[in-house]
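As structure tokens, the structure follows; a few thoughts come after it.
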Amino acid sequence: LNLTKIDLVKLSQKAENEFVGVKCGIMDQFISVFGKKDSVLKLDCRDLSYEYFPFNFNDVKIVLFDTQVKHSLASSAYNTRREQCESGVKILQKYDNNILSLRDVSLSMIEKYESEFDDEIYKRCNYVIKENLRLLNACQDLKNNDLVSFGKMMFESHEGLKNEYQVSCQELDLLVDLVKDDSSVMGSRMMGGGFGGCTINLIKEEFIDQVSANVRKEYKKRTGIDLKVYVDKIQDGTSEIGE
């Protein structure tokens, strides 16, 4: 069809937005096509520029804990959160018409005009601004080979998703709580759209079986659900497969 990689990415997003009806961004589609083995990707969703950072630690693995639940709230929550963030942008544009999205807003600015916001919209916007800052700092941590600081920001990110963006759920929060004081777990947070699905964890390889067994046991005890565990590797994105 003579489609470029970026064509595939944009068409995939369009299908989600216009056919499925979810006003999703472009991150999932982008990494599915542009993913690179043993690397993570920083994507600027405004101009689609991107940069790879190495993520290949011999003694630490990416482990997913699957809650085995998916709450119905997830289907409408994404669109609602997006609308709330857009409402916040409109409020701040009254004071600076150069603001196009929350990535143009500093923490000091949103704090200055907090009284203009509904409490819920303020929480959403405040989370997004702080998460952008965490992302930039996390990239620097990877450059410095500092997985300890990187992992701390994963925990902070989950707290924001839980308390400010409010897209987590009891099962996801439980899984993060079960590992947050374990020295063999570098970082943990929910992933995906929320309200179920998986947490993503950075666990020292020699302790994966032990941590997984402990979490499985406690999760079953508290929820009655059998946890699924996946040990992952970062691989290349979509490519043509020969016959």
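Here, each number is a calculation from the coordinates, and none is a lab measurement. Everything numeric in this text was worked out from a predicted model, so none of it was measured. Methodologically, a virtual Cβ is constructed for each residue, glycine included, from the backbone with ideal geometry; neighbour enumeration extends over all protein chains shown.
Here are some notes:
- Viscosity 0.890 mPa s, 25 °C: Kirkwood-radius Stokes-Einstein D of the stretch 186-243 over Cα pairs, µm²/s: 178
- Student exercise, the chain dipole from Lys, Arg, Asp, Glu Cβ charges, in Debye to nearest 20: 200
- Inter-label distance, residue 72 to residue 180: 3.0 nm, where each label sits 7 Å from its Cα along the C-beta direction.
- In terms of its C-alpha gyration tensor, the stretch 1-41 has an oblate overall shape, because the principal axis ratio a/c (a ≥ b ≥ c, square roots of the eigenvalues) is not below 1.5 and a/b does not outweigh b/c.
- Globularity ratio of the chain, using Cα Rg and 2.2 N^0.38 Å: 1.07
- Extension gain for residue 3 to residue 94 (0.36 nm times residue separation, less C-alpha to C-alpha distance): 28.7 nm.
- Rounded, prolate or oblate (a/c below 1.5 giving rounded, otherwise prolate when a/b exceeds b/c) for the stretch 6-73 by Cα gyration tensor: oblate
- Percent breakdown of C-alpha pair distances by 5 Å bin, ordered from the shortest bin, for the stretch 93-139: 5, 20, 32, 26, 11, 5, 1
- Rounded if a/c under 1.5, otherwise prolate or oblate - the stretch 141-243, Cα gyration tensor axes: rounded
- Candidates 229, 211, 201 compared by Cα position along the dipole of the chain: farthest toward the positive end lies 229, with charges placed on Cβ.
- The alpha-carbon of residue 10 sits under 23 angstrom from the alpha-carbons of these lysines, leaving out residues fewer than 8 places away in its chain: 23, 36, 37, 42.
- Farthest toward the positive end of the dipole of the stretch 1-134, out of 32, 69, 133, is the Cα of 32, where the dipole comes from beta carbon charges about the Cα centre.
- Cβ-derived FRET efficiency at R0 35 Å, residue 136 paired with residue 207, nearest 0.05: 0.70
- Extension gain, residue 118 to residue 239: 0.36 nm times the residue separation minus the Cα-Cα distance gives 39.0 nm.
- Cα→Cβ-extended label distance, 7 Å offset, between residue 217 and residue 101, nm: 4.6
- Ordering of 176-186, 12-22 by burial proxy (mean other Cβ atoms within 10 Å per residue, highest first): 176-186, 12-22
- With a Förster radius of 30 Å applied to the C-beta separation of residue 59 and residue 27, the computed FRET efficiency comes to 0.60.
- Extension gain, residue 143 to residue 79, is 19.6 nm, computed as 0.36 nm per intervening residue step minus the present C-alpha separation.
- Entries in 143/180; 162/221; 70/233; 14/94; 180/233; 5/233 that, when Cα-Cα distance is taken, lie over 26 Å: 14/94
- Relative pair counts by distance (%), Cα atoms of the stretch 115-194, 10 Å bins: 18, 45, 30, 7, 0
- Space enclosed by the convex hull of the alpha-carbon atoms of the stretch 9-137, per residue, Å³: 156
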